[in-house]
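The block underneath contains the structure these notes are about, expressed in structure tokens.
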Amino acid sequence: MQALVFGVEEVDGVRKHVIEHYLDFATSGRGDISQMLTHTFRLPEWRDAFTTIAEQHDSGAIKVAFDFR
């Protein structure tokens with residue numbers, strides 16, 4: 001079984017949850033995170049999206065997202 005655990009970290013002297021740091025990083029333009037999104041699906045393809053992330057070892061997925069446009 002695989003588990004993802006996130007905690008509180010200090011970045012640039014600020015302590016907060018890792019997800020908050022990630023969101024700050026993503027929205028500030030401090031780095032190119034575009035390559036982290038490896039797969040995008042339309043909502044009707046939700047089964048394929050879940051299969052892709054569940055089988056990361058075969059699909060190479062890092063982040064999977066739905067495109068609602």
TODO: Specify the angular offset, from 0 to 90 degrees and rounded to the nearest 10, of the alpha carbon long axis of helix 18-28 from the longest principal axis of the alpha carbons in the chain.
DONE: 90 degrees
TODO: Would you please give the residues with an amide H less than 5 Å from that of HIS39, counting only those at least 5 places away or on a separate chain, with H modeled from the backbone geometry?
DONE: ILE62, LYS63, ALA65
Open item on the list: Show me, for segment 33-45, the HN-Hα J-couplings you get by feeding each phi into the Karplus relation (A = 6.51, B = -1.76, C = 1.60, θ = phi - 60°), rounded to Hz, glycine and proline as x.
Closed with: 9, 4, 6, 6, 7, 9, 9, 10, 10, 7, 4, x, 9
TODO: Could you calculate the FRET efficiency of ILE19 with ILE53 from 1/(1 + (r/R0)^6), where r is the beta carbon distance between them and R0 is 22 Å, rounded to 0.05?
DONE: 0.80
TODO: Scan around VAL11 for amide H atoms under 5 Å from its own, H built in the peptide plane at 1.01 Å from N, and keep only partners 5 or more places away or cross-chain.
DONE: LYS16
- [ ] Evaluate the Debye formula for segment 1-61 with equal point scatterers sitting on the alpha carbons, no solvent, and hand back log10 of I(q)/I(0) at q = 0.16, 0.21, 0.22 Å⁻¹, in q order, two decimals.
- [x] -0.76, -0.99, -1.01
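Bear in mind these aren't lab numbers, they're just calculated from the coordinates by the rules spelled out. From a predicted model like this one, the values you see are computed outputs, not experimental measurements. Ideal geometry is used to build each Cβ from the backbone, glycine not excepted, and the neighbour counts take in all protein chains shown.
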